[in-house]
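Before any comments, here is the structure.
The values are calculated or read from the model by the stated rules, or taken from the named source; none is laboratory data. Every value quoted in this text rests on a predicted model; they were computed, and no experiment measured them. Every residue, glycine as well, gets a Cβ built from its backbone with ideal geometry; the counts of neighbours run over all protein chains shown.
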Amino acid sequence: MPENTLKKDKPTVEEPAVAVAEAGPAPDKPRSLAADAWADLCRKPLFLLSGLLILFLLLVSAFPGLFSSTDPTAGDLSKHFLTKPELSHVFQPDWFGYDNQGRSIYARVVYGTRVSILVGVGVTVLVTVVGGLMGMLAGYFGGIWDTLLSRITDVFFGIPFILGAMVVLNAFTERTVWTVIGALAFLGWTAIARVMRGAVITARHADYVLAAKALGAGTSRILFRHILPNAIAPVIVVATIQLGVYIVAESTLSYLGLGLGTNEVSWGGDIDTASDHIRNAPHILFFPAGMLSITVLAFIMLGDAVREALDPKLR
Amino acid sequence: MGRYVARRLLQMIPVFIGTTLLIFLMVNVLPGDPVAALWGDKPPDPAQMAIIRKDLGLDLPLWQQYLNYLGGLLQGDFGTTIAGNRPVLDQMTDAFPVSIRLGLMAFTFELVLGLFFGVLAGVKRGKVIDTGVTVFTLMVISIPVFVLGLVSQQVFGTQLGWVSPNVKDSMDMAQLVLPAIVLGSLSLAYVARLTRTSIAENARADYMRTAVAKGLPQRRIVSMHLLRNSLIPVVTYLGTDIGALMAGAVVTEGIFNVQGVGQLLFEALARREGSIIVGIVTVFVLIYLLANLLVDLLYAVLDPRIRYA
C-alpha cells in the first residue's frame with residue numbers, strides 16, 4: 001500500500017522528472033545525483049517509515065538495556081514455564097509471555113535485535129568493500145583481469161548461498177556473530193561485484209575519465225574520485241536490498257542449529273526453540289518471528305525507496 | 001545455434017571445475033576430522049584410522065585427492081562414504097528424485113501464480129488489485145520461509161487437519177503440495193514483483209499503442225504483445241531461481257520431514273561426510289549452470305532480435 005500512495009502523487013514516471021529538472025529549487029546551483037535522490041527520498045512516506053523503523057531498531061540493538069531491564073538469559077522454570085503473554089502489561093517482563101525455560105520473551109526479543117542488525121550491517125559492509133573492489137578492478141582494467149575475476153565471481157555465484165554457509169559454519173564448533181558474518185560475506189560478495197563491474201564498465205570510457213587522465217591523474221585517483229561516485233548508485237541499491245536477505249540467512253542458519261550457539265540470544269535460535277512448543281504455546285514463535293519479519297520488511301521497503309530515487313530509468 | 005550451445009558448454013567447464021574445487025576445499029580444509037568422528041566420543045584408534053584413511057585415499061595430498069575425485073566424477077563416480085563405505089551415488093539417487101519433484105512443483109506454483117498476479121497488478125497499475133498484490137508480495141518476502149513453513153504446518157496440518165503435518169511418503173505428490181507451496185512462496189512474490197514492474201514499463205511502449213490502434217482485443221494485446229516482451233527479466237530471475245529452489249528445499253524438507261536431499265545433507269554435515277556434501281553441491285551447481293544456459297536460449301525464443309550464431 002505505501003508504494004501505491006507514492007504512485008498517486010507521481011502519476012507517470014517521466015513527467016515529474018522533467019518537472020524537477022525545469023523547476024528545481026536551486027536553479028543556479030545544479031544538485032548532484034546524491035542530493036537530488038536525498039530530496040526525492042525525503043518526500044516519500046515509504047522511505048520515512050522504513051527509515052524511522054530502522055533507526056529504532058539500531059537504537060534497540062545498541063542499547064537493549066534501555067528497553068528491557070530483565071536479563072534475557074535468566075529463566076525461572078517453576079514460575080513461568082510457557083506463560084501466556086499479558087499484553088496489557090506494556091513493557092513489563094511478562095508482556096510477551098515466557099518461553100519453555102521461563103525466560104522473558106520480551107527481553108529476548110529486545111536483546112536478539114543486536115545479532116540480526118549486526119549480521120545484516122556487518123555482512124553488507126564487508127560484501128560492499130570486497131565485492132566493490134573486485135568489481136572495480138575487473139571493470140576498470142578489463143582484459144585478463146576481467147576474465148580472471150569474472151570467472152572467480154562465477155565460481156562463487158554458482159554455490160547455493162545458504163548451503164555454502166551451512167558447509168562453512170559446520171566446520172566451526174565455537175560460532176560467534178563474527179563467524180557467521182565471515183561465512184555469509186565469504187559467499188555473498190558476488191552480487192555486488194557483478195553490479196559494480198557493469199557500472200564501472202559504463203563509466204570507464206566517459207569523457208570525464210579521459211579528461212582526468214589527460215590532466216595526469218593516477219589510477220587510484222581516477223578510480224576512487226571519478227569513477228566510484230558515478231558507479232556507486234546501483235551498488236547502494238543492491239546492498240540495501242541484500243541487507244534484508246542476510247538477516248534472513250542468519251536466522252535461517254540459527255534455526256537450523258548452524259548459526260549462533262544456543263547461549264547467544266538470537267531471533268532465529270528462539271524460533272528454533274519455539275518450533276518444539278508451537279502446538280501449546282504459539283506465542284513463543286509469534287514474537288521473535290514477528291520482529292524478524294518487521295525488520296526484514298523495513299530493509300526491503302528502504303531498498304525499494306532507494307532504488308526508485310537512484311534508478312536513472314525512473315528519473 | 002548448435003555452435004553457440006557447444007561454446008557455452010565448453011565455457012561451463014572451468015566454472016564447474018572451479019566450483020567443485022571451491023566446495024571440495026571448503027569441506028576439506030576447514031577444521032573437523034570425519035574419520036575421527038567414526039569413533040564418536042571415544043578416543044580413536046590411530047592404527048585403524050590410518051587404515052581407513054589409506055583405503056579411502058584420504059592420506060594423499062589434497063590436490064591429489066581432488067584430482068582423484070574429479071577423475072571419478074567424469075566417470076559418474078561420486079566416491080564412497082566414510083561410514084559404511086556406500087557409494088555416494090546410491091544415496092543421491094534415493095534423495096534427488098524427491099527433492100527434484102518438490103522443486104518442480106514449487107517452480108510450477110511460483111511460475112503460474114507469480115505471472116498471474118504480476119500481470120494482473122501490472123495491467124491494473126494503481127488500482128486496488130495492484131495495491132493488494134504489492135502488499136501481499138511485500139509480506140511474503142519479509143516472512144522467512146522457515147517461519148512460513150512452521151506456521152502453515154501448524155495451521156493447515158495440526159489445527160485444520162487438511163493435510164498431514166509430516167510427509168509420510170515422500171514420493172506421494174499430494175503430500176508434497178503444502179511443502180511445495182511454502183518453498184515456492186518467496187520466489188512467487190519476486191516473480192510477481194518483477195512481472196509487474198516489467199509489464200508497467202512496457203505498457204507505454206509504441207508497439208502497445210499500435211496494437212490498441214489496430215483494434216486488437218485486450219486479451220490478445222496483453223498475452224501476445226505485452227507479456228512476451230516483458231518476460232525477459234522474469235525468465236532471467238527464474239533461471240537463477242531453479243538452483244535457489246533446490247537449495248531452499250533443504251530447509252523446507254527439514255520442517256515437513258521430507259526424505260530428500262536436505263535430510264541427506266544434514267546427516268552428512270553431522271557426520272562430516274565430505275564426499276556426500278561435495279556430491280550434492282556439485283549436482284546443484286550443474287543444475288544451476290544448465291538452467292542458465294536454458295535461459296539464454298529462451299531469450300532468443302522470446303525476442304527474435306536476439307540471435308545466436
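General observations
- B:L216 vs. criteria assigned to a helix (DSSP H, G or I) and among the hydrophobic types (A, V, I, L, M, F, W, C): no
- Number of residues in region B:130-146 that are more than 7 Å from chain A (Cβ to nearest Cβ) and out of contact with any helix residue (DSSP H, G or I) (no Cβ under 6 Å at 6 or more places or on another chain) equals 3.
- With respect to being at the interface with another protein chain (Cβ under 9 Å from one of its Cβ atoms), assigned to a helix (DSSP H, G or I), among the aliphatic types (A, V, I, L, M) and touching a residue at least 40 places away in the same chain (Cβ under 8 Å), A:V306 falls outside the description.
- Residues being free of Cβ contacts under 8 Å to residues at least 60 places away in the same chain and β-branched (V, I, T) - total across region B:260-309: 3
- Residues within region A:176-208 that are surrounded by fewer than 19 Cβ atoms within 10 Å (Cβ to Cβ), of a type in the set (S, T, Y) and within 14 Å of chain B (Cβ to nearest Cβ), tallied: 1
- Screening B:P44, B:P61, B:P97 for residues that are surrounded by 14 or more Cβ atoms within 10 Å (Cβ to Cβ), over 24 Å from the mean Cα position of the chain (by Cα) and either farther than 25 Å from A:A171 by Cα or not assigned by TED's automatic domain parsing to the domain that holds B:A180 (or both) leaves exactly one candidate, B:P44.
- Condition met for A:S50 (within 25 Å of B:L138 (Cα to Cα) and either crowded, with 19+ Cβ neighbours inside 10 Å or of a type outside the set (S, T, Y) (or both)): yes
Yes or no, residue by residue, for (1) of a type outside the set (A, V, I, L, M); (2) assigned to a helix (DSSP H, G or I); (3) more than 22 Å from B:V145 (Cβ to Cβ):
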site: A:A138; (1), (2), (3): no, yes, yes
site: A:D146; (1), (2), (3): yes, yes, yes
site: A:T153; (1), (2), (3): yes, yes, yes
site: A:F156; (1), (2), (3): yes, yes, yes
site: A:I162; (1), (2), (3): no, yes, no
site: A:L169; (1), (2), (3): no, yes, no
site: A:F172; (1), (2), (3): yes, no, yes
site: A:V180; (1), (2), (3): no, yes, no
site: A:L184; (1), (2), (3): no, yes, no
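- Residue match in region B:254-268 (condition: closer than 19 Å to B:D94 by Cα, crowded, with 22+ Cβ neighbours inside 10 Å, out of contact with any Cys (no Cβ under 7 Å at 6 or more places or on another chain) and polar (S, T, N, Q)): no
- Every listed requirement among (1) crowded, with 17+ Cβ neighbours inside 10 Å; (2) assigned to a helix (DSSP H, G or I); (3) at the interface with chain A (Cβ under 10 Å from one of its Cβ atoms); (4) in contact with a helix residue (DSSP H, G or I) (Cβ under 8 Å, 6 or more places away or on another chain) is met by B:E201 save one, (1).
- In region A:268-286, the residue that is modelled with the highest pLDDT out of those that are more than 7 Å from chain B (Cβ to nearest Cβ), part of a helix (DSSP H, G or I) and under 17 Å from B:V155 (Cα atoms) is A:F286.
- Selection status of B:V250, buried (at least 21 other Cβ atoms within 10 Å of the Cβ), not hydroxyl-bearing (S, T, Y) and not assigned by TED's automatic domain parsing to the domain that holds B:F16: yes
- The criterion of being away from chain B (no Cβ under 14 Å), outside any helix (DSSP H, G or I) and farther than 26 Å from A:E174 by Cα does not hold for A:A211.
- For region B:236-244, the count of residues that are closer than 19 Å to B:I306 by Cβ and more than 14 Å from every other protein chain (Cβ to nearest Cβ) is nonzero.
- Meets criteria (in contact (Cβ under 8 Å) with a residue 40 or more places away in the chain, in the same structural domain as B:R193 (by TED's automatic domain parsing), out of contact with any Phe, Trp or Tyr (no Cβ under 9 Å at 6 or more places or on another chain) and of a type in the set (S, T, Y)) for B:S223: no
- The numbered conditions (1) more than 26 Å from B:V155 (Cβ to Cβ); (2) outside any loop (DSSP other than H, G, I, E, B) are all true for B:A249 except (1).
- Criterion (among the aliphatic types (A, V, I, L, M) and in contact with a Leu (Cβ under 6 Å, 6 or more places away or on another chain)) met by exactly one of A:V123, A:V130, A:V110, A:V115: A:V123
- Within region A:249-295, tally of residues that are within 20 Å of the chain's Cα centre (by Cα) and farther than 24 Å from B:F266 by Cα: 7
- Helices (runs of 4 or more DSSP H) within region B:50-143 that include 1 or more residues closer than 22 Å to B:A247 by Cα and touching a strand residue (DSSP E or B) at 6+ places or on another chain (Cβ under 8 Å): B:88-123
- Among the residues of region A:116-175, the one identified as of a type in the set (D, E) and either at the interface with chain B (Cβ under 10 Å from one of its Cβ atoms) or crowded, with 20+ Cβ neighbours inside 10 Å (or both) is A:D154.
- In the condition set (1) out of contact with any helix residue (DSSP H, G or I) (no Cβ under 7 Å at 6 or more places or on another chain); (2) among the charged types (D, E, K, R); (3) in a helix (DSSP H, G or I), A:D94 is compliant with all but (3).
- Failed item in (1) within 11 Å of chain B (Cβ to nearest Cβ); (2) touching a residue at least 24 places away in the same chain (Cβ under 8 Å); (3) in contact with a Ser or Thr (Cβ under 7 Å, 6 or more places away or on another chain); (4) outside any helix (DSSP H, G or I), with A:L258 passing the rest: (3)
- Hey, B:G157 at pLDDT below 85, surrounded by 14 or more Cβ atoms within 10 Å (Cβ to Cβ) and within 13 Å of chain A (Cβ to nearest Cβ) or not: yes
- Filter pass, A:R151 being modelled with pLDDT of 85 or more, in contact with a helix residue (DSSP H, G or I) (Cβ under 9 Å, 6 or more places away or on another chain) and closer than 22 Å to A:G290 by Cα: no
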